[in-house]
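Each remark here refers to the structure printed beneath this line.
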Amino acid sequence: MPYCDRCDRSFSTQGFEHHIRTSSRHFFCVAHGRDFESWLGLKEHYVQSPFHHYCQHCDEDFTNEWSLVNHYETVHFYCHEHGRIFHSQRGLNEHFVQHHGHLFCQYCDMTFEYEEQFLDHAEDLHFVCRECVKIFGSPWKQEQHFEKHHSSYY
């Protein structure tokens, strides 16, 4: 009969597996079948493992690299060239001006010298989140972003 040292309890085999995966005292990696003693241990595993595609900004693990990059693009303010994430559209814009010499629209490859020009362009031709001013290339990506990150405010 399986026994949990950490919780000082015995379980059936099926009950033990359920316990390890759901107990707040265990930090379980489903993909590798490993139990960690702390959230930091599990997080370190996610970050260091080449098999995990982990976003350290919001503690989400993705099944593949494409899903992680898609997450960066739809949730965070991401510079593809440098692989950096910013906390706001303004931070990303400042990065582009400082490191790229201009503002860049990732949806139509246009460049802008001033932020006002860029924002006017984005509002006229693309889809802008009304809460955080993040720009999207399609209405469904904008809606997906809004539902996930801002809908709880309303």
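Summary table
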read-out	value
Residues that are farther than 20 Å from G91 by Cβ, more than 21 Å from the chain's Cα centre (by Cα) and modelled with pLDDT of 80 or more, drawn from segment 109-153	M110, D124, L125
Single residue of Y54, Y46 found to be aromatic (F, W, Y), in a strand (DSSP E or B) and either in contact (Cβ under 8 Å) with a residue 12 or more places away in the chain or loosely packed, with under 12 Cβ neighbours inside 10 Å (or both)	Y54
Residue within segment 64-78 that is in contact (Cβ under 8 Å) with a residue 12 or more places away in the chain, farther than 24 Å from Q142 by Cβ and either in contact with a helix residue (DSSP H, G or I) (Cβ under 7 Å, 6 or more places away or on another chain) or not assigned by TED's automatic domain parsing to the domain that holds R21 (or both) present	no
Among the candidates L92, L40, residue that is in a helix (DSSP H, G or I), under 19 Å from the mean Cα position of the chain (by Cα) and not assigned by TED's automatic domain parsing to the domain that holds C132	L40
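The values are calculated or read from the model by the stated rules, or taken from the named source; none is laboratory data. The shown structure was predicted, so the numbers you read here are calculated from the model rather than taken from an experiment. As a convention, Cβ positions derive from the backbone with ideal geometry for all residues, glycine included, and neighbour counts pool all protein chains shown.
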